[in-house]
Amino acid sequence: MRSIYEKISEHYRGIEYQHLFFSVFILGVILFYRISAYFISGSIYADFSAVGFLNFFMMSFPDDVFSAAFALGIILLIVSLPKSLRFMPIFICDIFVCLFAAYHIFALQFLKIYETSFQISFIGGEHFTGLRGMLNSAAAEITSGTVISFAAVIVIVFATSLFLMVAEAKSSLDAKTKYFFVSVLIYLLTLILTVAIASPTEKEIVSKYKIKAPVYELSMSPFSSLALRCFKKPAVQPVPAAVEPVVFSSGFQTDSLESNKEYDLSKIIPKNKKYNIVIYLFESTAYSYYGLRSNGKSMTPVMERLAQNGFLAAKHMTNYPLSANALFSITASAYPIIGKDMVFEKNPSIQVNSLTEVLKDNGYRTCYVHTGDLSYAGQMKYLKSRKIDRFITARDLAKDKRYNKKHVGWAIDERAMIDPAVDFMKESSEPFVVIMSPMNPHHPYAVPDDSFKVAEHNPSGTNRDGMWENYLNSLHYADYALGELIDKLESEGLMKDTLFFMLTDHGEAFYQHPQNYNHPLFVYEENIHVPFIIYNKDIFKNGYYFDGITRHVDILPTITDIIGIKDNKHREGFPIFTKRKEKLAFVHTSWKDDLVAVRDVKWKYIYRIKDGREELYDLFSDPEEKNNLASEKTETALKYRNYVLSGINYVKNYHKKN
């Protein structure tokens, strides 16, 4: 026994004080995070302070103890590395504790922005396909205080570590191993305490204090979420069967469940003509921002101009509030996979006979123009086999010296698309379909220069207000670029026989609901209700306003119906310009939670798969979706729940077959 003690003593001689410092630092970071999270949560949720710090601390304790135990265990493993490595274990510990602190600082910033603790479920595989853009967006949200905190951590850790190494090197005293055994004992006790301590549950706190703040999510430890992911993947919740399953006799039936209204739009556009088609996928714009004004100035004057000689669909819905999945619905008239998997990544060769394939087979030239590189979320994996004659991406657009000086947000200046797209259109007399995909006003809401900074400045100066101001400026810039394209097309005589489809891939949220910032987290109106205009001066002498529900899945069948193409492939959408019943929109997102929704004429129903939580809103009396009626209108909720559950199973079976 004595020899074992001596071996341990010999191995750990000279690193006990370092170990003590690293352990204390880890515990200090966790405590700092918890205290900061409490005050940040209180500043976000008015009723959160009723919980009290002690309850919040106790509720957070199991998560925090697990984080501490896991991190201290890593420290123990590092300092147990072979003695021959000399100071390498200490250096590795320095790096680890710096990253540990930086991660928690990032998590606090995330909490401020997204109003919940950082969880691994926020991370999807598509993030790693667009790292430059993701880092660009993250950098836009980092405050000066965050940068100073990062720098302070690095200085403190490395300076203290160096001081301890010098002090120990000069000391003539033999190092003791008592701390080692004490630290192991503490490590074991923390694991026991995690199980032994009975912390208050979210249900108990909500019941006692009658609060709406998501206390359980706020109490989560970002590091324990990361550590647990190392051992297992989150469990996939089974979807319950509908009490009264909806049977779809032919495809996925999306006729309204509340209205029998019928429309006849068959005479609005002359059909059976090979119109040129331009699909302009505007970015990140909710319908409520269409026509928005700041300082008395419209942020979308071009959109408004197009509507004066166009078809404006006032209730158009994306089927998924994320660009790549929206693109799939538009080009394939199909629904994305239910869950976090993305079609473009999991099944890029899916046999859907996309829009460009159908039109190419009917004599059209095809082109896809994008101001980025199409690597994000595997878009190119899907598009490369879709009979597209020419891809024009950032690499090509960067050759234009007017616009290659810098990226504007995630991509090249939108205006760089105009000349290459027009050149393609003019190459031949054959009809063309051109899909144009700019990147603004995508987060971080950039503009190329100060001339586009036209939005009213908010004097309060908070990060939220600043990002809203940035968004309005970026929206105005993107609208301006759209106008430049329209002017060019008209001056070149290319608009006469062209239908210009201007629609937004998804909306953009700015805290209209708690935790709802950016676009993919929820399925409220600010996330899914988007502008959609079909522009042609000769066809629409005056603007046509349509208030029936349309969806992204309707775009492909609408185009083939207008042109007169016989499309034998099954489609989930329905042609707009025909006799049609009122429709509903089936919507899904999975960025954080799997949410599936139905947007009907009057009702919005939302179902959360992991726990069956329901929301039901009467959009006629409550257009901002503030009053959840699910517990009051039980029959209505049941009707839509059965539809949603049946729809989920339908979409899952669709992707199993394809």
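Read the figures in this text as sums done on the coordinates, not as results from a lab. What you see is a predicted model; the values in this text were computed from it and never measured. Methodologically, a virtual Cβ is constructed for each residue, glycine included, from the backbone with ideal geometry; neighbour enumeration extends over all protein chains shown.
Below is a table of values for the structure above.
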read-out	value
Full-extension gain in nm, residue 538 to residue 58, via 0.36 nm per residue minus C-alpha separation	166.0 nm
Distance (nanometres) between label positions extended 7 Å along Cα→Cβ at residue 349 and residue 244	4.5
Relative contact order (percent, whole number), the chain, Cα cutoff 8 Å, 6+ residue spacing	20
Spacing of the two label points (7 Å from each Cα toward its C-beta) at residue 272 and residue 581, in nm	2.8
Options [x] 30.0; [y] 31.6; [z] 34.3 - which one matches mean projected area of the Cα convex hull in nm² as calculated here	[z]
Rg over Rh [alpha-carbon atoms, Kirkwood Rh] for region 15-65	1.14
With at most 13 neighbouring Cβ atoms within 10 Å, loop GluC sites (Glu not before Pro) (DSSP) excluded, longest segment of the chain	1-426
Positive-end extreme of charge dipole, region 228-338 - chosen from 240, 290, 334 (charges on Cβ)	290
Around residue 115: net Lys/Arg minus Asp/Glu count, Cβ-Cβ under 11 Å	+1
Pairs from 297/541; 315/569; 381/581 whose Cα-Cα separation, in the structure shown, is over 28 Å	381/581
Extension reserve of the residue 31-residue 259 stretch, reckoned as 0.36 nm per residue once the Cα distance is removed	76.5 nm
Viscosity 1.002 mPa s, 20 °C: Kirkwood-radius Stokes-Einstein D of region 275-578 over Cα pairs, µm²/s	110
Cβ-based charge dipole, the chain, positive-most Cα from 362, 302, 470	362
Average Cα contact separation per residue, region 275-578, under 8 Å, 6 or more apart, as relative contact order %	36
Stretchable slack from residue 396 to residue 147, in nm (0.36 nm times residue separation minus alpha-carbon distance)	86.1 nm
Considering only the chain, percent of DSSP beta bridges that pair antiparallel, nearest 5	55
Helical contribution to [θ] at 222 nm, DSSP H n ≥ 4, -39,500 (n - 2.57), averaged over the chain, rounded to 500	-14000 deg cm²/dmol
